[in-house]
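Step one of this worksheet: look at the structure below.
The values are calculated or read from the model by the stated rules, or taken from the named source; none is laboratory data. Since we're looking at a predicted model, the values are computed, not measured. All Cβ positions, glycine included, derive from the backbone under ideal geometry; neighbour counts span all protein chains shown. The protein model used for the area step is the full one, side chains on, heavy atoms only, and it has no ligands, DNA or RNA in it. Shrake-Rupley method; radii C 1.70, N 1.55, O 1.52, S 1.80 Å.
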Amino acid sequence: MDVGLDAVVAAETVLSHVDGQAGRLVLRGFDLEELAGRRSYEAVLALLWQGFAPVDDIAAALGRARVEAFRILEPRLPALDGLTPIEAVRGGLALLADAEAKPHHLLATAAASVLAAAASRRAAGRPALAPDPALGHAADFLRMLRGDAPSAAHARALDTYLVTIADHGLNASTFAARVIASTRAGMLSALVGGVCALKGPLHGGAPGPVLDMLDAIGDSESIEPWLTGALERGDRLMGFGHRVYRVRDPRADVLKRVVTELRGETNRIRFAEAVEATAIRLLAQRKQGRGLDTNVEFYTALLLEALALPRDLFTAVFAVGRIGGWAAHVLEQEQSRRIIRPQSAYVGPLPQRAA
Ligand code: ACO
(Lines give C-alpha, C1' and ligand atoms only; values in the text may rest on other atoms or scores of the structure.)
Protein backbone atom coordinates (compact mmCIF):
# COMPACT_ATOMS: atom_id res chain seq x y z
CA MET A 1 0.00 0.00 0.00
CA ASP A 2 1.18 3.54 -0.83
CA VAL A 3 -1.04 5.90 1.19
CA GLY A 4 0.02 9.15 -0.50
CA LEU A 5 0.49 7.40 -3.88
CA ASP A 6 4.05 8.82 -3.84
CA ALA A 7 5.51 6.11 -6.06
CA VAL A 8 2.47 5.47 -8.23
CA VAL A 9 2.62 6.57 -11.87
CA ALA A 10 -1.05 6.89 -12.83
CA ALA A 11 -0.91 8.69 -16.18
CA GLU A 12 1.26 9.34 -19.20
CA THR A 13 1.29 12.98 -20.17
CA VAL A 14 2.83 15.19 -22.82
CA LEU A 15 1.92 18.29 -20.81
CA SER A 16 4.42 18.82 -18.01
CA HIS A 17 7.21 17.15 -16.09
CA VAL A 18 8.33 17.87 -12.54
CA ASP A 19 11.89 16.76 -11.84
CA GLY A 20 12.00 16.83 -8.06
CA GLN A 21 15.69 16.00 -7.76
CA ALA A 22 16.91 18.64 -10.19
CA GLY A 23 14.33 21.29 -9.26
CA ARG A 24 13.15 21.51 -12.84
CA LEU A 25 9.71 22.07 -14.36
CA VAL A 26 9.23 21.32 -18.06
CA LEU A 27 6.06 22.50 -19.81
CA ARG A 28 5.60 20.70 -23.12
CA GLY A 29 9.23 20.86 -24.11
CA PHE A 30 10.16 24.17 -22.48
CA ASP A 31 11.79 24.81 -19.12
CA LEU A 32 9.58 27.10 -17.06
CA GLU A 33 12.35 29.72 -17.00
CA GLU A 34 12.19 29.89 -20.83
CA LEU A 35 8.47 30.65 -20.80
CA ALA A 36 8.00 32.86 -17.73
CA GLY A 37 8.28 36.49 -18.74
CA ARG A 38 8.71 35.59 -22.44
CA ARG A 39 5.39 33.94 -23.37
CA SER A 40 1.95 35.18 -22.36
CA TYR A 41 -0.50 33.03 -20.44
CA GLU A 42 -2.54 32.69 -23.63
CA ALA A 43 0.55 31.46 -25.52
CA VAL A 44 1.16 28.86 -22.81
CA LEU A 45 -2.47 27.74 -23.06
CA ALA A 46 -1.94 27.30 -26.80
CA LEU A 47 1.15 25.21 -26.02
CA LEU A 48 -0.74 23.03 -23.54
CA TRP A 49 -3.94 22.65 -25.57
CA GLN A 50 -2.22 22.06 -28.91
CA GLY A 51 -3.28 18.73 -30.42
CA PHE A 52 -6.23 18.49 -28.04
CA ALA A 53 -8.25 21.55 -29.12
CA PRO A 54 -8.01 24.36 -31.72
CA VAL A 55 -5.43 26.92 -30.66
CA ASP A 56 -5.67 29.60 -33.37
CA ASP A 57 -5.62 33.07 -31.80
CA ILE A 58 -6.28 31.90 -28.25
CA ALA A 59 -6.10 35.47 -26.92
CA ALA A 60 -9.10 36.52 -29.01
CA ALA A 61 -10.97 33.26 -28.31
CA LEU A 62 -10.38 33.64 -24.56
CA GLY A 63 -11.51 37.27 -24.67
CA ARG A 64 -14.75 36.22 -26.39
CA ALA A 65 -15.16 33.39 -23.87
CA ARG A 66 -14.86 35.88 -20.96
CA VAL A 67 -17.67 37.92 -22.49
CA GLU A 68 -19.78 34.77 -22.93
CA ALA A 69 -19.00 33.57 -19.39
CA PHE A 70 -20.05 36.96 -17.98
CA ARG A 71 -23.26 36.93 -20.05
CA ILE A 72 -24.19 33.50 -18.68
CA LEU A 73 -23.01 33.95 -15.10
CA GLU A 74 -23.84 37.55 -14.24
CA PRO A 75 -27.55 36.79 -13.52
CA ARG A 76 -26.43 33.85 -11.35
CA LEU A 77 -23.95 35.81 -9.23
CA PRO A 78 -26.40 36.56 -6.37
CA ALA A 79 -26.51 32.82 -5.67
CA LEU A 80 -22.78 33.03 -4.86
CA ASP A 81 -22.95 35.99 -2.47
CA GLY A 82 -21.49 35.22 0.94
CA LEU A 83 -19.00 32.72 -0.46
CA THR A 84 -15.25 33.30 -0.44
CA PRO A 85 -13.77 33.86 -3.93
CA ILE A 86 -12.50 30.27 -4.27
CA GLU A 87 -15.90 28.96 -3.13
CA ALA A 88 -17.52 31.27 -5.70
CA VAL A 89 -15.28 29.85 -8.46
CA ARG A 90 -16.27 26.36 -7.33
CA GLY A 91 -19.96 27.26 -7.11
CA GLY A 92 -20.04 29.33 -10.30
CA LEU A 93 -18.50 26.58 -12.44
CA ALA A 94 -20.98 24.15 -10.89
CA LEU A 95 -23.83 26.43 -12.04
CA LEU A 96 -22.87 25.91 -15.70
CA ALA A 97 -24.94 23.27 -17.48
CA ASP A 98 -23.14 20.56 -19.44
CA ALA A 99 -25.24 21.53 -22.47
CA GLU A 100 -24.19 25.19 -22.21
CA ALA A 101 -21.80 27.27 -24.35
CA LYS A 102 -19.13 24.90 -25.58
CA PRO A 103 -16.18 24.45 -25.85
CA HIS A 104 -16.01 24.08 -22.10
CA HIS A 105 -12.23 24.20 -21.71
CA LEU A 106 -12.35 27.75 -23.06
CA LEU A 107 -15.56 28.80 -21.32
CA ALA A 108 -14.45 27.49 -17.92
CA THR A 109 -10.97 29.02 -18.17
CA ALA A 110 -12.62 32.35 -18.92
CA ALA A 111 -15.30 31.83 -16.25
CA ALA A 112 -12.77 31.29 -13.46
CA SER A 113 -11.37 34.81 -13.95
CA VAL A 114 -14.83 36.35 -14.28
CA LEU A 115 -16.06 34.59 -11.13
CA ALA A 116 -13.01 35.35 -8.98
CA ALA A 117 -13.10 39.05 -9.85
CA ALA A 118 -16.88 39.32 -9.51
CA ALA A 119 -16.97 37.53 -6.14
CA SER A 120 -14.26 39.76 -4.70
CA ARG A 121 -15.99 42.94 -5.88
CA ARG A 122 -19.46 41.90 -4.73
CA ALA A 123 -18.10 40.97 -1.29
CA ALA A 124 -16.91 44.59 -1.05
CA GLY A 125 -20.36 45.85 -2.08
CA ARG A 126 -19.33 46.77 -5.62
CA PRO A 127 -20.99 45.50 -8.82
CA ALA A 128 -19.29 42.92 -11.04
CA LEU A 129 -17.60 44.41 -14.10
CA ALA A 130 -18.01 43.05 -17.62
CA PRO A 131 -14.83 41.79 -19.33
CA ASP A 132 -12.93 43.70 -22.00
CA PRO A 133 -12.16 41.08 -24.67
CA ALA A 134 -9.44 43.25 -26.20
CA LEU A 135 -7.21 42.98 -23.11
CA GLY A 136 -4.91 40.11 -22.25
CA HIS A 137 -6.29 37.60 -19.74
CA ALA A 138 -4.15 38.81 -16.81
CA ALA A 139 -4.74 42.51 -17.53
CA ASP A 140 -8.49 42.01 -17.89
CA PHE A 141 -8.65 40.07 -14.64
CA LEU A 142 -7.01 42.97 -12.80
CA ARG A 143 -9.33 45.43 -14.55
CA MET A 144 -12.47 43.39 -13.71
CA LEU A 145 -11.24 43.35 -10.13
CA ARG A 146 -10.13 46.94 -9.65
CA GLY A 147 -12.20 48.88 -12.16
CA ASP A 148 -9.21 50.52 -13.89
CA ALA A 149 -6.85 49.09 -16.47
CA PRO A 150 -3.70 47.96 -14.61
CA SER A 151 -0.22 49.33 -15.25
CA ALA A 152 1.84 47.37 -17.77
CA ALA A 153 4.11 46.25 -14.91
CA HIS A 154 1.19 44.83 -12.89
CA ALA A 155 -0.34 43.11 -15.91
CA ARG A 156 3.04 41.58 -16.81
CA ALA A 157 3.64 40.42 -13.24
CA LEU A 158 0.27 38.66 -13.00
CA ASP A 159 0.72 37.20 -16.48
CA THR A 160 4.07 35.71 -15.41
CA TYR A 161 2.40 34.30 -12.30
CA LEU A 162 -0.35 32.64 -14.39
CA VAL A 163 2.29 31.11 -16.67
CA THR A 164 4.31 29.90 -13.68
CA ILE A 165 1.40 28.03 -12.15
CA ALA A 166 -0.38 26.92 -15.36
CA ASP A 167 0.56 23.26 -15.04
CA HIS A 168 2.56 21.02 -12.73
CA GLY A 169 2.38 17.29 -13.41
CA LEU A 170 0.01 15.06 -11.50
CA ASN A 171 -0.51 17.31 -8.47
CA ALA A 172 -3.54 16.65 -6.25
CA SER A 173 -5.99 18.91 -8.10
CA THR A 174 -4.90 17.73 -11.56
CA PHE A 175 -5.17 14.13 -10.42
CA ALA A 176 -8.67 14.82 -9.04
CA ALA A 177 -9.68 16.36 -12.37
CA ARG A 178 -8.26 13.42 -14.32
CA VAL A 179 -10.05 10.87 -12.10
CA ILE A 180 -13.35 12.63 -12.77
CA ALA A 181 -12.58 12.92 -16.50
CA SER A 182 -11.85 9.19 -16.60
CA THR A 183 -15.49 8.49 -15.65
CA ARG A 184 -16.59 10.56 -18.71
CA ALA A 185 -18.41 13.01 -16.44
CA GLY A 186 -17.31 15.86 -18.70
CA MET A 187 -15.01 18.87 -18.61
CA LEU A 188 -17.04 21.05 -16.25
CA SER A 189 -17.39 18.37 -13.58
CA ALA A 190 -13.70 17.55 -13.79
CA LEU A 191 -12.75 21.21 -13.40
CA VAL A 192 -15.06 21.67 -10.41
CA GLY A 193 -13.25 18.71 -8.84
CA GLY A 194 -9.91 20.39 -9.55
CA VAL A 195 -11.03 23.55 -7.77
CA CYS A 196 -12.22 21.54 -4.76
CA ALA A 197 -8.84 19.84 -4.40
CA LEU A 198 -6.86 23.03 -4.93
CA LYS A 199 -8.69 24.80 -2.11
CA GLY A 200 -6.96 22.93 0.71
CA PRO A 201 -4.15 24.62 2.68
CA LEU A 202 -1.74 21.76 1.86
CA HIS A 203 -2.15 22.57 -1.85
CA GLY A 204 -3.36 25.90 -3.28
CA GLY A 205 -4.67 27.37 -0.05
CA ALA A 206 -1.23 28.12 1.40
CA PRO A 207 -0.39 31.68 0.20
CA GLY A 208 -2.89 33.53 2.42
CA PRO A 209 -1.55 31.67 5.49
CA VAL A 210 2.03 32.53 4.37
CA LEU A 211 1.21 36.22 4.87
CA ASP A 212 -0.62 35.44 8.13
CA MET A 213 2.62 33.78 9.27
CA LEU A 214 4.78 36.76 8.27
CA ASP A 215 2.37 39.08 10.11
CA ALA A 216 2.34 36.87 13.18
CA ILE A 217 6.15 36.73 13.31
CA GLY A 218 6.20 40.52 13.12
CA ASP A 219 9.88 41.46 13.40
CA SER A 220 13.33 40.03 12.73
CA GLU A 221 14.07 39.17 16.38
CA SER A 222 10.93 37.00 16.55
CA ILE A 223 11.66 34.88 13.47
CA GLU A 224 13.57 32.04 15.10
CA PRO A 225 11.51 31.76 18.31
CA TRP A 226 8.22 31.95 16.37
CA LEU A 227 9.20 29.30 13.82
CA THR A 228 10.68 27.05 16.51
CA GLY A 229 7.47 27.30 18.52
CA ALA A 230 5.37 26.44 15.47
CA LEU A 231 7.50 23.39 14.66
CA GLU A 232 7.45 22.24 18.29
CA ARG A 233 3.65 22.38 18.22
CA GLY A 234 3.78 20.17 15.10
CA ASP A 235 2.50 22.92 12.79
CA ARG A 236 3.43 22.96 9.09
CA LEU A 237 5.26 26.04 7.91
CA MET A 238 3.22 27.35 5.00
CA GLY A 239 5.15 27.84 1.76
CA PHE A 240 7.71 25.11 2.55
CA GLY A 241 7.98 21.46 1.58
CA HIS A 242 6.72 19.63 -1.45
CA ARG A 243 5.76 16.08 -2.32
CA VAL A 244 8.02 15.93 -5.37
CA TYR A 245 10.75 18.56 -4.99
CA ARG A 246 13.72 17.53 -2.87
CA VAL A 247 15.33 20.88 -3.68
CA ARG A 248 14.00 24.36 -4.16
CA ASP A 249 10.82 24.66 -6.26
CA PRO A 250 11.97 26.43 -9.47
CA ARG A 251 8.73 28.43 -9.50
CA ALA A 252 9.76 30.13 -6.25
CA ASP A 253 12.78 31.77 -7.94
CA VAL A 254 10.77 32.90 -10.97
CA LEU A 255 8.19 34.54 -8.70
CA LYS A 256 10.81 36.03 -6.39
CA ARG A 257 12.34 37.82 -9.38
CA VAL A 258 8.94 39.19 -10.35
CA VAL A 259 8.22 40.44 -6.81
CA THR A 260 11.61 42.07 -6.58
CA GLU A 261 11.09 43.87 -9.92
CA LEU A 262 7.67 45.04 -8.78
CA ARG A 263 8.54 46.26 -5.34
CA GLY A 264 12.21 47.00 -5.45
CA GLU A 265 14.21 46.05 -2.39
CA THR A 266 11.46 46.66 0.12
CA ASN A 267 11.64 45.70 3.77
CA ARG A 268 8.94 43.07 3.38
CA ILE A 269 11.06 41.12 0.86
CA ARG A 270 14.14 41.37 3.07
CA PHE A 271 12.06 40.21 6.03
CA ALA A 272 10.53 37.37 3.99
CA GLU A 273 14.01 36.27 2.90
CA ALA A 274 15.12 36.17 6.53
CA VAL A 275 12.06 34.09 7.46
CA GLU A 276 12.73 31.80 4.49
CA ALA A 277 16.39 31.23 5.41
CA THR A 278 15.55 30.46 9.04
CA ALA A 279 12.66 28.17 8.11
CA ILE A 280 14.84 26.15 5.72
CA ARG A 281 17.56 25.83 8.38
CA LEU A 282 15.13 24.72 11.10
CA LEU A 283 13.33 22.28 8.77
CA ALA A 284 16.70 20.76 7.76
CA GLN A 285 17.56 20.25 11.44
CA ARG A 286 14.22 18.64 12.27
CA LYS A 287 13.53 16.63 9.10
CA GLN A 288 17.05 15.58 8.20
CA GLY A 289 17.51 14.24 4.70
CA ARG A 290 14.01 15.20 3.54
CA GLY A 291 15.14 18.32 1.67
CA LEU A 292 12.29 20.59 2.74
CA ASP A 293 12.71 23.88 0.90
CA THR A 294 10.71 26.86 -0.34
CA ASN A 295 7.73 26.03 -2.55
CA VAL A 296 5.80 28.13 -5.06
CA GLU A 297 3.35 29.43 -2.46
CA PHE A 298 5.86 31.47 -0.45
CA TYR A 299 6.66 33.99 -3.21
CA THR A 300 3.16 33.69 -4.64
CA ALA A 301 1.99 35.27 -1.40
CA LEU A 302 4.46 38.15 -1.71
CA LEU A 303 3.69 38.68 -5.38
CA LEU A 304 -0.08 38.78 -4.94
CA GLU A 305 0.38 41.09 -1.95
CA ALA A 306 2.56 43.39 -4.08
CA LEU A 307 -0.29 43.50 -6.60
CA ALA A 308 -2.54 44.62 -3.72
CA LEU A 309 -4.86 41.65 -4.14
CA PRO A 310 -6.88 40.77 -1.04
CA ARG A 311 -5.63 37.73 0.83
CA ASP A 312 -8.88 35.83 0.53
CA LEU A 313 -8.55 36.01 -3.26
CA PHE A 314 -5.17 34.27 -3.49
CA THR A 315 -6.37 30.69 -3.93
CA ALA A 316 -8.94 31.79 -6.49
CA VAL A 317 -6.16 33.52 -8.50
CA PHE A 318 -4.23 30.25 -8.40
CA ALA A 319 -7.32 28.56 -9.86
CA VAL A 320 -7.55 31.26 -12.56
CA GLY A 321 -4.14 30.12 -13.83
CA ARG A 322 -4.22 26.40 -13.09
CA ILE A 323 -7.62 25.83 -14.71
CA GLY A 324 -5.95 26.00 -18.14
CA GLY A 325 -3.62 23.17 -17.10
CA TRP A 326 -6.47 21.12 -15.65
CA ALA A 327 -8.40 21.57 -18.91
CA ALA A 328 -5.42 20.28 -20.90
CA HIS A 329 -5.17 17.23 -18.61
CA VAL A 330 -8.90 16.57 -18.92
CA LEU A 331 -8.66 16.71 -22.74
CA GLU A 332 -5.67 14.35 -22.57
CA GLN A 333 -7.39 12.00 -20.11
CA GLU A 334 -10.50 11.87 -22.29
CA GLN A 335 -8.38 10.20 -24.98
CA SER A 336 -7.85 7.24 -22.63
CA ARG A 337 -10.60 4.66 -22.48
CA ARG A 338 -9.77 3.40 -19.00
CA ILE A 339 -11.45 4.58 -15.80
CA ILE A 340 -9.04 5.39 -12.94
CA ARG A 341 -10.10 3.08 -10.15
CA PRO A 342 -7.50 1.99 -7.57
CA GLN A 343 -8.15 -0.49 -4.77
CA SER A 344 -8.30 -0.15 -1.00
CA ALA A 345 -7.15 -2.53 1.74
CA TYR A 346 -10.10 -3.48 3.96
CA VAL A 347 -9.23 -3.19 7.67
CA GLY A 348 -12.80 -3.10 9.05
CA PRO A 349 -14.57 -5.80 11.09
CA LEU A 350 -15.04 -9.27 9.67
CA PRO A 351 -18.49 -9.96 8.14
CA GLN A 352 -21.20 -10.77 10.74
CA ARG A 353 -24.81 -11.89 10.53
CA ALA A 354 -27.22 -8.91 10.30
CA ALA A 355 -30.04 -10.23 12.47
N1 ACO B 1 6.46 22.40 7.82
C2 ACO B 1 6.77 21.51 8.79
N3 ACO B 1 6.93 20.20 8.58
C4 ACO B 1 6.79 19.77 7.32
C5 ACO B 1 6.49 20.63 6.25
C6 ACO B 1 6.32 22.01 6.55
N7 ACO B 1 6.02 22.88 5.59
N8 ACO B 1 6.41 19.92 5.11
C9 ACO B 1 6.64 18.65 5.44
N10 ACO B 1 6.86 18.55 6.77
C11 ACO B 1 7.16 17.35 7.51
C12 ACO B 1 6.01 16.37 7.46
O13 ACO B 1 5.11 16.62 8.52
C14 ACO B 1 6.72 15.06 7.61
O15 ACO B 1 7.04 14.87 8.97
P16 ACO B 1 6.87 13.42 9.65
O17 ACO B 1 7.74 12.52 8.82
O18 ACO B 1 7.35 13.64 11.04
O19 ACO B 1 5.42 13.10 9.52
C20 ACO B 1 8.04 15.28 6.89
O21 ACO B 1 8.25 16.69 6.88
C22 ACO B 1 8.11 14.82 5.48
O23 ACO B 1 6.96 15.22 4.82
P24 ACO B 1 6.87 15.05 3.26
O25 ACO B 1 6.67 13.63 2.93
O26 ACO B 1 7.97 15.77 2.62
O27 ACO B 1 5.54 15.90 2.97
P28 ACO B 1 4.32 15.50 2.06
O29 ACO B 1 4.79 15.14 0.71
O30 ACO B 1 3.46 14.54 2.76
O31 ACO B 1 3.55 16.89 2.02
C32 ACO B 1 3.18 19.15 1.61
C33 ACO B 1 3.85 17.88 1.09
C34 ACO B 1 1.68 18.86 1.83
C35 ACO B 1 3.29 20.24 0.53
C36 ACO B 1 3.87 19.59 2.92
O37 ACO B 1 5.22 19.88 2.67
C38 ACO B 1 3.18 20.79 3.56
O39 ACO B 1 2.20 20.60 4.28
N40 ACO B 1 3.69 22.02 3.33
C41 ACO B 1 3.06 23.20 3.91
C42 ACO B 1 1.83 23.62 3.09
C43 ACO B 1 2.21 24.20 1.75
O44 ACO B 1 3.13 25.02 1.64
N45 ACO B 1 1.47 23.78 0.71
C46 ACO B 1 1.70 24.23 -0.68
C47 ACO B 1 2.41 23.15 -1.45
S48 ACO B 1 2.79 23.68 -3.10
C49 ACO B 1 1.35 23.41 -3.95
O50 ACO B 1 0.60 22.54 -3.69
C51 ACO B 1 1.00 24.34 -5.04
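Estimated from helices alone, the mean residue ellipticity of the chain at 222 nm is -17000 deg cm²/dmol (sum of -39500 (n - 2.57) over DSSP H runs with n ≥ 4, per residue). Seen from residue 241, the other residues with C-beta closer than 9 Å to its C-beta sum to a net charge of +3, counting Lys and Arg as +1 and Asp and Glu as -1. Accessible surface computed residue by residue for the range 207-306, with neighbouring protein chains in place and a 1.4 Å probe, gives 44 Å² per residue. Judged by the gyration tensor of its Cα atoms, with axes a ≥ b ≥ c, the range 146-249 is oblate; a/c meets the 1.5 cut and b/c is at least as large as a/b. Coupling constants for the range 86-96 follow from the phi torsions by the Karplus curve (6.51 cos²θ - 1.76 cosθ + 1.60, θ = phi - 60°), and in residue order they are 5, 5, 5, 5, 4, x, x, 5, 5, 7, 7 Hz; glycine and proline get x. Across the alpha-carbon set of the chain, the Rg to Rh ratio works out to 0.98, Rh being the Kirkwood radius. Taking max minus min of the alpha-carbon positions on each principal axis, the range 207-306 gives extents of 35, 30, 19 Å, largest first. With contacts taken as Cα pairs under 8 Å and at least 6 residues apart, the range 207-306 reaches a relative contact order of 46 percent. The range 198-229 and the range 31-74 have their alpha-carbon centroids 33 Å apart. Only Cα pairs within less than 10 Å get springs; with that Gaussian network setup on the chain, which residue of 343, 335, 288 has the largest fluctuation? Maximum fluctuation in the GNM of the chain, among the listed residues, is at 343.
Each of the peptides 244-255, 82-93 was scored by the mean count of other Cβ atoms within 10 Å over its residues; in descending order, highest first, they stand as 82-93, 244-255.
Is the shape of the range 274-340 rounded, prolate or oblate, going by the alpha carbon gyration tensor and its root eigenvalues a ≥ b ≥ c, with a/c under 1.5 for rounded and a/b larger than b/c for prolate? Oblate, since a/c reaches 1.5 and b/c is not below a/b. Summarising the amide proton neighbourhood of residue 240: residues at separation of 5 or more, or on other chains, whose placed amide H is nearer than 5 Å comprise 295. With a ≥ b ≥ c taken as the square roots of the eigenvalues of the C-alpha gyration tensor of the range 50-162, please select rounded if a/c is under 1.5 and otherwise prolate if a/b is larger than b/c or oblate if it is not? In terms of gyration-tensor shape, oblate.
Taking all protein chains into account, the per residue accessible area for the range 93-150 stands at 36 Å² (1.4 Å probe). Candidate cross-link partners of residue 287 among the aspartates and glutamates, defined by an alpha-carbon separation under 19 Å and a same-chain spacing of 8 or more, comprise 6, 224, 232, 235, 249, 276. Charge tally around residue 129: other residues with Cβ under 15 Å, Lys/Arg +1 each, Asp/Glu -1 each, net +3. What percentage of the solvent-accessible surface of the chain, computed with a 1.4 Å probe over protein heavy atoms, is contributed by carbon and sulfur atoms? Using a 1.4 Å probe with all protein chains present, the chain comes out at 52 percent carbon and sulfur. Look at the alpha carbon pairs under 8 Å that are at least 6 residues apart: their mean separation over the length of the range 163-265 gives a relative contact order of 22 percent. Taking packing as the residue-averaged number of other Cβ atoms within 10 angstrom, the listed peptides 28-35, 112-119 run from highest to lowest as 112-119, 28-35. Under the criterion of Cα pairs below 8 Å and six or more residues apart, the relative contact order for the chain equals 24 percent.
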